[in-house]
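So the structure is just underneath, and the comments pick up after that.
The values are calculated or read from the model by the stated rules, or taken from the named source; none is laboratory data. Remember, it's a predicted structure, so these values are computed and weren't measured experimentally. Neighbour counts run over all protein chains shown; Cβ positions are idealised from the backbone, glycine included.
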Amino acid sequence: MTDTHDWENPRLTGRNRLAARAYFFGYATPALASTHSRTLSRGFVDLSGPWQFRLFDHPRRVPRDFAATPQAGWDVIQVPHLWQMDGYGDLQYTDEGYPFPIEPPHVPADNPTGAYQRIITLTAPAEGERVVLRFDGVESYAEIFCNGAFVGMTKGSRLAAEFDVTAHIVTGDNLFSVKVLQFSDATYIEDQDMWWASGIFRDVYLVTRPAARLLDFFVRTHRTDGGAAEVTLTAWAEGSDRIEWSISDAGVELGSAALEPGGSATITLPDAHFWNPEDPHLHDMLISVSADGDGAVDHVPHRLGLAEVTIVDGLLHLNGSYFSMHGVNRHDHDDHSGRAVGMARVRRDLELMKLHNINAVRTAHYPNDPRFYEMCDELGLLVVAETDLESHGFANVGDISRITDDPEWETAYVDRIERHVLAQRNHASIVMWSLGNESGYGCNIPAMYARAKELDPTRPVHYEEDRNAEHVDVISTMYSRVSQMNDFGEHPHPKPRIICEYGHSMGNGPGGLSEYQAVFNRHDSIQGHFIWEWCDHGLAATTEDGREFHKYGGDFGDYPNNSNFCIDGMVFPWQEPSPGLTEYKQVISPVLVDYADGVLTVTNRRWFTTLEDVAVTLETLHDGVVADVEVFRPGAVAPGESWTTPVELRLAPVGETRCTARVTSAHAASWTAPMRELGRYDFAVHSAPRRSIAPTTQPLEVRAELTTLRLATAGSELVFDLLSGDITSWVAGGRPVLVSPPRLGFWKPLVDNHQQECDDLWTPNHIEIMQTSTRSVTWRADDGDVVVEVTQRIAPPVLDFGMHATLTWRFTPDGRADVRVSGTPYGSYDDIIPRIGLSFEVPRATRAVEWYGRGPGENYPDSAAANTVGRWSSDVDAMFTPYVVPQDCANRGDVRWVALTSPHGDGLLVTRPDNSEGVPFAFSAWPHTAADIDAARHRTDLVVRDTVTVNINDAVLGLGSNSWGSEVLDAYRVRFEAFDFAFSLRPLAAGNLTATAASITKEN
Amino acid sequence: MRLFDTRADFDNVLGGTKKWSRTGEALDDAPNLHPGVAYSIGDSLTYVSGDTTALARDSLTGRRRYHLVVASTRGTVRLEVAPKDSVNASTDYDNLTDRQYFSGSGDVVSIPEGGICIVDIDEAARILPDAETAAVQLHVTVEGATFHNK
């Protein structure tokens, strides 16, 4: 046995692998070429599908005759796949840690090895033809055999690999055997934050190239000052001395040229229709290669977008126009197949981005399937095209730059950018190259940069850890805070700036996106921002009773692991938007609406197109109910320009007048129907004084016993415990109003974005287990009401700080219970807490919810842009957001009143009392308790209770994004300090919500 | 406010803490970078170098989430510092800039060339302009208990 392997040699990136080239297919006729259907291309044989498979625990356990002999008794799996997803081997999730000891280039000797075989019936190629076997993705090391012969070897999991198998193909059955090793030296630079999994995870196919064939091409656009496009093609061919080239649009040829192989030609298109993400117009390009005497025999189509990226005075321009990227970082992920993601899912990802106003995507942190870039060209998404590089795990030994700064690894590093650029450089959507992610800095970075510029001088290059942009063309940071971004904007770098990761979307959140966006919008030098990240990496699983949930690190017995750090996307694993994505959509809305002093202002925040397609529907709301609707069409407002019109709104004679502006686009495309909502805004307009409450004449019956106080009025009885200070029973109309007493609290279920605060502040100070001690309860009659005053100490065990609180209940003859709550802290703790408010339970039957406040969706103080103030209705179950790891959710802010009712219409109404009117509050209601939610690790751990937990909060801590990034901004911090607030609780009789709501909004 | 007359004093006292080590790293890098341009080291800090005439502000400025740190790189830099509760807020605190402006006056602190001054978050401060002096101005996170990022 030797200790030297190809898979532990970073100087060797492949054997017999063909030179990288653009992704294209050759067709026998122009008509076939126009289909862009690769299955119709010459000699296309799809090798995806069933393969014989067996997993070995060591490369040398693969049978010696594996290359030449079909193996009996092996399993059949479907390629593409990751074998761990099919139940072979072990899944493991780490963010950055290598799953084996660090000793580059060595990897475990017992290296899991997947052996694949497939027999394909083929016809031997004709004279001069070449048969090419292509893999679009194999992780991490593959040896390929055909009919027993060694074909080649490749590394670079997410970089295409092609091999010439012409010499090995026979007419009849052909045996393809592929040996895939999970780990190789390449693993050290493929340490992205994702599941450790391996296999042939993208498509495999054969193509036949004719004797006269196109080898590669590179097309680029230059926009002239006069608005023409000079399109230059360089093309390489074999077996031919002439290449024909044409550009057409909608079937009309706009220009043509001929060139020699290896040469270049330019077609000038006057008044060109340029590509941009708002108008992703594509031309048809056809390259035809002639064989001597045979005419053209190889026709290669390309969807050409006319796009040129330049840097002018330190700012990025696309086709001469300034632009900014509202982006997201996207990993390949499917909750059933991992990174072996089908193109339907990829397309749905991209369409969801478009539907949420996103105009850019960073391919974090590797190249995607080549069809991804075609889709971005078609749909209109700018791409920060990152190659397959990350050596983050060296951070764990304090030396993240170890191999990045080691010349021994230069070949491997440069290979990764070379193959990437050559494969994708013809795509209009690619706005810049990215050399990789979180790999430190060192000599291999400038080497990669130089190679990228050599292969594509037209595009800027990005790499975040070239911290001061010593070499790269775009300076970049990640997770810089709001005010830090403002510092950058106030003191701009000579090169354009982006923030390539921010807004860590782990669980509930992120918060603070509006503030980030305000800074981005303020400074031209900040030209892109990319949320981390697009999709949760949860893997679908099913309980024994058939309920679906999603697994994360540690759920497979994997250790070490980074637990749910991979559940950090704006899209749930089942590919539906989370509230965070809804918020992001609003924050980056391309149309800004303002209403002030009777003037409606509509501003175009697009970069390339007008507002000709846009309508603004302005709704006037009286106490949350739509009173009037008017539609405005701003017309062809140019990018950056505004349109204004005077608008006279009809004011409510009593109560609150607000208006909501809904912005829609009439534009239709493959990914959107017309009337897509681009954004929504709401504005306070007017508030008219309310009338006073009519006094009730119904007396309150009071009965004091040893430790209880019974209060009765028509149809309602309330029992108060004079020791605990609790309402122990409240029945109205024969039905319970509450089933547990309102109690003051500061804790709510932990959200991932507060984990660090929990670890460092709350758990050490036992904030989550504070104890309530009732020190006194007194009561008195007061002008027909009954007032009960409760003093409490709420404090953690072990420590000597806490809150002295007073709850002053006022029970009125009309059946209402008002409570004023004040607190004075003592002791040393004065830092942040999750909330200040009351919690109680109501019967599960009381789970229909109607409220006048911010909605309809979940919102928090620092994540409230996407929801507007109005009257909304839902139910407790629907309001519970199904985060993969259960956590606090369902909050609604800016609430004037909330009612929980049963199907009979009875229930409870919560408002501020008269003297607190105008101070909105927040509420949430769950079918579980806070303790249930905190204890649950997966959605299916939660069991619906027969009660509903209701939280009415005077203050709720903002979300922030400090699961990896920004703390909660100062304005959204809730501190353990003095407070004073009040609520009013009223039982609702069947059917009287409308009347009661009307009374509290109009007559309070 | 903490004043270190020399870099060595600063390193001796604070050098073991990540954000203060990075402060030292920034001070080492600053001479090689563009003046007037903000750079950063991880999430810990941003910094900009320049003549004090360019770094000076008209008003005392208070911060809540980032310490103002001033290191003199030429001459004796003068810094006016006042406890926030001794001056009057002239603006609200701004989440976008981590700034709040104050009116009033404070004590003038002289930072010798090579010295470093850390302004606490219960203080407001401003660099005083002087054509003969230059400095590196840093905003260093107050995070510590909850700081583990890049």
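Looking only at segment B:64-96, which residues are surrounded by fewer than 18 Cβ atoms within 10 Å (Cβ to Cβ) and among the β-branched types (V, I, T)?
Matches in segment B:64-96: B:T76, B:T91.
Filter segment A:365-380 down to residues that are under 15 Å from A:V431 (Cα atoms) and touching a residue at least 40 places away in the same chain (Cβ under 8 Å), then give me how many there are. Even if it seems obvious, please write down each step before you answer.
To start, the set of residues in segment A:365-380 that are under 15 Å from A:V431 (Cα atoms) comprises A:367, A:372-380.
Filter once more, keeping what is touching a residue at least 40 places away in the same chain (Cβ under 8 Å): A:367, A:373-374, A:376-380.
Of the residues in that region, 8 qualify.
In segment A:544-585, what residues are in contact with a Leu (Cβ under 9 Å, 6 or more places away or on another chain) and within 20 Å of A:H326 (Cβ to Cβ)?
Once the filter is applied, which keeps residues that are in contact with a Leu (Cβ under 9 Å, 6 or more places away or on another chain) and within 20 Å of A:H326 (Cβ to Cβ), segment A:544-585 yields A:G569, A:M570, A:V571, A:P577, A:G580, A:L581, A:E583, A:Y584, A:K585.
Within segment A:769-784, is even one residue modelled with pLDDT of 95 or more, crowded, with 21+ Cβ neighbours inside 10 Å and more than 40 Å from the chain's Cα centre (by Cα)?
Yes; the residues of segment A:769-784 include at least one that is modelled with pLDDT of 95 or more, crowded, with 21+ Cβ neighbours inside 10 Å and more than 40 Å from the chain's Cα centre (by Cα).
What is the one condition in (1) assigned to a strand (DSSP E or B); (2) surrounded by fewer than 17 Cβ atoms within 10 Å (Cβ to Cβ); (3) touching a residue at least 24 places away in the same chain (Cβ under 8 Å) that A:L709 does not satisfy?
So the condition that A:L709 fails would be (2).
Being modelled with pLDDT of 95 or more and at the interface with chain B (Cβ under 7 Å from one of its Cβ atoms), is that true of even one residue in segment A:458-466?
Residues of segment A:458-466 modelled with pLDDT of 95 or more: A:458-466.
Of the ones still in play, those that are also at the interface with chain B (Cβ under 7 Å from one of its Cβ atoms) are none.
No, segment A:458-466 contains no residue that is modelled with pLDDT of 95 or more and at the interface with chain B (Cβ under 7 Å from one of its Cβ atoms).
Please go through segment A:965-994 and give me each residue that is at negative phi and within 14 Å of chain B (Cβ to nearest Cβ), ordered by number. If you could, list the steps in order and put the result at the bottom.
Keep residues of segment A:965-994 that are at negative phi, which gives A:966-990, A:992-994.
Matches in segment A:965-994: A:S966, A:E967, A:V968, A:L969, A:D970, A:A971, A:Y972, A:R973, A:R975.
Taking the condition of being more than 30 Å from A:H754 (Cα to Cα), part of a strand (DSSP E or B) and in contact (Cβ under 8 Å) with a residue 12 or more places away in the chain, how many residues in segment A:767-785 meet it?
7
What's the number of the only condition in (1) in contact with a Pro (Cβ under 6 Å, 6 or more places away or on another chain); (2) part of a loop (DSSP other than H, G, I, E, B); (3) under 30 Å from A:A364 (Cα atoms) that A:H550 fails to meet?
A:H550 satisfies all of (1) in contact with a Pro (Cβ under 6 Å, 6 or more places away or on another chain); (2) part of a loop (DSSP other than H, G, I, E, B); (3) under 30 Å from A:A364 (Cα atoms) except (2).
Let's see how each residue does on (1) farther than 30 Å from A:G512 by Cα; (2) among the aliphatic types (A, V, I, L, M); (3) touching a Gly at 6+ places or on another chain (Cβ under 7 Å):
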position: A:W730; (1), (2), (3): yes, no, no
position: A:R735; (1), (2), (3): yes, no, no
position: A:T772; (1), (2), (3): yes, no, no
position: A:T806; (1), (2), (3): yes, no, no
position: A:V819; (1), (2), (3): yes, yes, no
position: A:I833; (1), (2), (3): no, yes, no
position: A:I836; (1), (2), (3): no, yes, no
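Among the strands (runs of 3 or more DSSP E) confined wholly to segment A:882-995, which include 3 or more residues that are of a type in the set (V, I, T) and either surrounded by fewer than 24 Cβ atoms within 10 Å (Cβ to Cβ) or in contact (Cβ under 8 Å) with a residue 24 or more places away in the chain (or both)? It would help to see each step written out before you state the result.
On the way: elements: A:892-895, A:897-901, A:907-911, A:921-926, A:947-956, A:979-988.
Once the strands (runs of 3 or more DSSP E) in segment A:882-995 are filtered for at least 3 residues that are of a type in the set (V, I, T) and either surrounded by fewer than 24 Cβ atoms within 10 Å (Cβ to Cβ) or in contact (Cβ under 8 Å) with a residue 24 or more places away in the chain (or both), what remains is A:947-956.
For segment A:786-805, name all the residues that are surrounded by fewer than 18 Cβ atoms within 10 Å (Cβ to Cβ) and assigned to a strand (DSSP E or B). Even if it seems obvious, please write down each step before you answer.
If we filter segment A:786-805 for residues that are surrounded by fewer than 18 Cβ atoms within 10 Å (Cβ to Cβ), which is where we start, we get A:787, A:789, A:791, A:793, A:797-801, A:804.
Correct list: A:V787, A:E789, A:T791, A:R793, A:H804.
How many of the residues making up segment B:27-63 are among the charged types (D, E, K, R), surrounded by fewer than 20 Cβ atoms within 10 Å (Cβ to Cβ) and within 8 Å of chain A (Cβ to nearest Cβ)?
Of the residues in that region, 1 qualify.
Can you give me the ranges of the strands (runs of 3 or more DSSP E) entirely in segment A:721-766 with at least 2 residues that are surrounded by fewer than 19 Cβ atoms within 10 Å (Cβ to Cβ), free of Cβ contacts under 8 Å to residues at least 60 places away in the same chain and on the phi < 0 side of the Ramachandran plot?
Numbers: elements: A:727-732, A:735-738, A:740-745.
Answer list for segment A:721-766: A:727-732.
Check off (1) more than 17 Å from B:T133 (Cα to Cα); (2) away from chain A (no Cβ under 14 Å); (3) free of Cβ contacts under 8 Å to residues at least 60 places away in the same chain for B:V81 and give me the number that stays unchecked.
(3)
I'm told A:C146 meets every condition in (1) of a type outside the set (V, I, T); (2) under 14 Å from A:V45 (Cβ atoms); (3) touching a Ser or Thr at 6+ places or on another chain (Cβ under 7 Å) except one. Can you identify the failing condition by its number?
Of (1) of a type outside the set (V, I, T); (2) under 14 Å from A:V45 (Cβ atoms); (3) touching a Ser or Thr at 6+ places or on another chain (Cβ under 7 Å), only one is false for A:C146: (3).
Can you tell me which residue in segment A:522-554 is surrounded by the most Cβ atoms within 10 Å (Cβ to Cβ), limited to those that are among the polar types (S, T, N, Q) and touching a residue at least 24 places away in the same chain (Cβ under 8 Å)? Don't jump to the end; show me each part of the working.
Step one: filter segment A:522-554 for residues among the polar types (S, T, N, Q), giving A:525, A:527, A:542-543.
After this cut, where a residue has to be touching a residue at least 24 places away in the same chain (Cβ under 8 Å) as well, the list is A:525, A:527, A:543.
On the way: A:S525: 19, A:Q527: 23, A:T543: 12.
Only one residue tops the list, namely A:Q527.
Filter segment A:468-519 for residues that are more than 10 Å from chain B (Cβ to nearest Cβ), in contact (Cβ under 8 Å) with a residue 40 or more places away in the chain, buried (at least 24 other Cβ atoms within 10 Å of the Cβ) and more than 19 Å from the chain's Cα centre (by Cα) and give the result.
A:V474, A:P496, listed by residue number.
Of the residues in segment B:137-147, how many are facing another protein chain (nearest Cβ under 9 Å) and among the β-branched types (V, I, T)?
Here the count works out to 2.
Determine, yes or no, whether A:V821 is in contact (Cβ under 8 Å) with a residue 60 or more places away in the chain and not assigned by the TED database to the domain that holds A:F683.
Values: in contact (Cβ under 8 Å) with a residue 60 or more places away in the chain: yes; not assigned by the TED database to the domain that holds A:F683: yes.
Judged against the criteria, A:V821 is a match.
Answer yes if at least one residue in segment A:744-757 is acidic (D, E), at pLDDT below 95 and under 30 Å from A:A935 (Cβ atoms), and no otherwise. Walk me through it before giving the result.
Filtering segment A:744-757 down to residues acidic (D, E) leaves A:752, A:757.
Okay, now just the ones that are also at pLDDT below 95, so A:757.
Now narrow it down to the ones that are under 30 Å from A:A935 (Cβ atoms): A:757.
Looking for residues that are acidic (D, E), at pLDDT below 95 and under 30 Å from A:A935 (Cβ atoms), one finds at least one in segment A:744-757, hence yes.
Scanning for something crowded, with 23+ Cβ neighbours inside 10 Å, touching a Lys or Arg at 6+ places or on another chain (Cβ under 6 Å) and either outside the structural domain of A:A115 (by the TED database) or not in a strand (DSSP E or B) (or both), does segment A:199-207 turn up at least one residue?
Looking for residues that are crowded, with 23+ Cβ neighbours inside 10 Å, touching a Lys or Arg at 6+ places or on another chain (Cβ under 6 Å) and either outside the structural domain of A:A115 (by the TED database) or not in a strand (DSSP E or B) (or both), one finds at least one in segment A:199-207, hence yes.
May I ask you to list pairs of residues, at least six apart or on different chains, whose Cβ atoms are under 6 Å apart, with the first in segment A:343-358 being closer than 12 Å to A:L678 by Cβ and the second being in a helix (DSSP H, G or I)?
A:K354/A:L379; A:H356/A:L581; A:H356/A:K585; A:N357/A:K585
Return yes when A:E143 is at pLDDT 95 or above and under 24 Å from A:I417 (Cβ atoms) and no when it is not.
Values: at pLDDT 95 or above: yes; under 24 Å from A:I417 (Cβ atoms): no.
It is false that A:E143 is at pLDDT 95 or above and under 24 Å from A:I417 (Cβ atoms).
Which condition number in (1) in contact with a Gly (Cβ under 6 Å, 6 or more places away or on another chain); (2) of a type in the set (V, I, T); (3) surrounded by fewer than 20 Cβ atoms within 10 Å (Cβ to Cβ) is the one that A:V397 fails?
(1)
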